[in-house]
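Down below is the structure, laid out as structure tokens.
The values are calculated or read from the model by the stated rules, or taken from the named source; none is laboratory data. These figures come from a predicted structure and were not determined experimentally. Positions of Cβ are backbone-derived with ideal geometry, glycine not excepted, and every protein chain shown enters the neighbour counts. Each accessible area value is taken on the protein alone, full model and side chains, heavy atoms only, with ligands, DNA and RNA left out. Shrake-Rupley method; radii C 1.70, N 1.55, O 1.52, S 1.80 Å.
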Amino acid sequence: MTDGPLVEWVPEVDADEIGSLIKRINEREIEEWPHDWAVWGRQSQQAPPSDWRVWLVMAGRGFGKTRLGAEWVRKIAEEDPEARIALVGASLHEARSVMVEGESGLLSIDAPWRRPVFESSVRRLVWPNGAQAFLYSAGEPESLRGPQHSHAWCDEIAKWDNGSNRAMATWDNLLMGLRLGRDPRLVATTTPRPVPLVARIMDQGDDVVVTRGSTFENQDNLPRRFVEAMRRTFGGTTLGRQELLGEMIEDLVGALWSRALIENAREDAAPAMTRVVVGVDPPASAHGDACGIIVCGIGDDRIARVLADCSVEQASPERWARAVANAARAWSADRVVAEANQGGEMVAAVLRAAEASLPLRLVHASRGKAARAEPVAALYEAGRVRHAGMFPQLEDELCGLMPGGEYQGPGRSPDRADACVWALTELMLGQTAEPRIWFD
């Protein structure tokens with residue numbers, strides 16, 4: 001029998017070895033068995049044995065980062081009655097709903113007879129032996145000025161809001177108060193993103209140990225359909241490398257869009273739209289580039305949203321025109337804006353054949369794709385555009401657009417990005433961005 005967590009060696013041993021192990025387990029050990037993280041956690045989820053002050057865990061979604069952090073806190077609390085632990089989330093709501101009350105949170109993972117009591121009025125967890133943990137929000141740095149702790153768990157640090165330097169201030173105040181006990185330590189769990197706080201932590205040298213991992217390391221504990229959907233939707237994309245494989249994707253220096261800019265503009269759902277536009281970048285041939293089809297809308301708050309990516313690849317004119325018509329119908333679009341450079345009359349004829357009543361406007365591009373994108377990128381910088389969901393291929397292309405017209409993203413051409421630019425220009429910039437517009 002090999003060393004290591006049970007989940008890693010059981011599949012490799014035979015029935016006799018398992019039977020021998022079971023015979024050696026007493027009644028108390030059987031009772032504790034389901035709650036022993038040393039048994040059930042993967043090796044990559046166990047605390048490193050080296051002398052570290054900060055353990056930075058950067059891994060893909062579904063890797064088990066929350067369970068890892070909660071199990072580390074549980075072990076500290078149960079072994080040290082004097083432990084005073086800071087639990088820092090992106091917000092108080094996330095600290096409570098994920099780190100404490102979530103499926104892998106502190107109230108869910110422990111044996112009932114050792115489970116802590118959550119005192120919500122004072123945002124405190126108290127274990128039976130007297131150890132305590134306190135909830136904090138990364139959006140309130142001053143709440144960590146003064147309190148002292150022996151340990152800390154910081155969750156999803158890459159999504160902490162760094163407006164007015166809040167993320168950095170939260171981290172600094174936490175470190176300055178991490179001075180109780182003989183060996184203060186901190187665990188930070190996150191999906192990797194190239195934000196200033198993560199970069200700073202990684203530059204701190206020997207005090208920091210970094211663990212990396214992918215979503216697929218934990219696929220035995222994830223729904224099969226989820227794993228398949230992730231591979232199908234995000235496989236081969238830069239966003240997939242970041243969100244699933246846990247890679248740190250560095251932004252192109254000088255690109256019009258950055259990963260952080262898009263992440264800051266992301267939301268789970270959009271409000272009701274008062275106007276919807278479908279942007280279209282038709283392909284030159286059925287065997288060439290994709291047909292970019294992006295749906296955008298604007299609501300009463302005058303903020304534009306990217307709503308859907310309906311793009312199709314290697315499609316015949318009939319197929320991509322039908323995809324445009326379907327998108328316009330599904331989203332009740334007020335306007336379809338299509339680039340006419342690849343043959344204006346042909347584009348109009350193909351689209352009309354697919355849907356005679358399509359509210360079509362043809363636009364002629366007199367400047368390069370990236371040049372047209374610059375005023376739209378400025379809208380993102382101003383907080384006037386949001387993404388209602390995740391659009392990995394579109395976002396990869398946006399992050400490859402450079403000032404001056406150069407494109408350094410995936411594929412030969414940023415077809416999705418160009419369609420998005422057309423739609424957002426129509427919604428937010430009117431006719432000022434392009435002097436030549438054809439009406440059909």
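Quick rundown of the values:
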{"quantity": "Of the criteria (1) modelled with pLDDT under 95; (2) more than 30 Å from residue 200 (Cα to Cα); (3) buried (at least 17 other Cβ atoms within 10 Å of the Cβ); (4) of a type in the set (Val, Ile, Thr), which one residue 276 fails", "calculated": "(1)"}
{"quantity": "Residues within segment 387-425 that are aliphatic (A, V, I, L, M) and within 15 Å of residue 240 (Cβ to Cβ), tallied", "calculated": "2"}
{"quantity": "Residue match in segment 179-196 (condition: over 21 Å from the mean Cα position of the chain (by Cα), open to solvent by 30 Å² or more (accessible area, probe 1.4 Å) and among the small types (Gly, Ala, Ser))", "calculated": "yes"}
{"quantity": "Filter result (in contact with a Pro (Cβ under 9 Å, 6 or more places away or on another chain) and not in a strand (DSSP E or B)) within segment 250-284", "calculated": "250, 251, 254, 255, 256, 258, 259, 260, 282, 283"}
{"quantity": "Matching residues in segment 392-407 - criterion: being open to solvent by 20 Å² or more (accessible area, probe 1.4 Å) and at pLDDT 85 or above", "calculated": "393, 403, 407"}
{"quantity": "In segment 164-178, residue modelled with the lowest pLDDT [restricted to those that are closer than 29 Å to residue 241 by Cα and open to solvent by 30 Å² or more (accessible area, probe 1.4 Å)]", "calculated": "165"}
{"quantity": "Condition met for residue 104 (part of a loop (DSSP other than H, G, I, E, B), crowded, with 16+ Cβ neighbours inside 10 Å and either over 30 Å from the mean Cα position of the chain (by Cα) or of a type outside the set (D, E, K, R) (or both))", "calculated": "yes"}
{"quantity": "Pairs where the first residue, in segment 400-422, is touching a residue at least 12 places away in the same chain (Cβ under 8 Å) and the second is aromatic (Phe, Trp, Tyr), C-beta under 8 Å, 6+ apart", "calculated": "400/407; 401/257; 401/407; 413/407; 414/407; 416/391"}
{"quantity": "Subset of segment 255-297 [aliphatic (A, V, I, L, M) and either over 27 Å from residue 365 (Cβ atoms) or in contact with a Cys (Cβ under 6 Å, 6 or more places away or on another chain) (or both)]", "calculated": "255, 260, 269, 270, 272, 277, 293, 294"}
{"quantity": "Matching entry among 254, 236, 246 (being of a type outside the set (Asp, Glu) and open to solvent by 80 Å² or more (accessible area, probe 1.4 Å))", "calculated": "236"}
{"quantity": "Any hit, segment 320-329, residues being under 15 Å from residue 421 (Cα atoms), open to solvent by less than 50 Å² (accessible area, probe 1.4 Å) and not acidic (Asp, Glu)", "calculated": "no"}
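Residue-by-condition table, conditions (1) open to solvent by less than 10 Å² (accessible area, probe 1.4 Å); (2) touching a residue at least 40 places away in the same chain (Cβ under 8 Å); (3) not hydrophobic (A, V, I, L, M, F, W, C):
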residue: 289; (1), (2), (3): no, yes, yes
residue: 297; (1), (2), (3): yes, yes, yes
residue: 300; (1), (2), (3): no, no, yes
residue: 310; (1), (2), (3): no, no, no
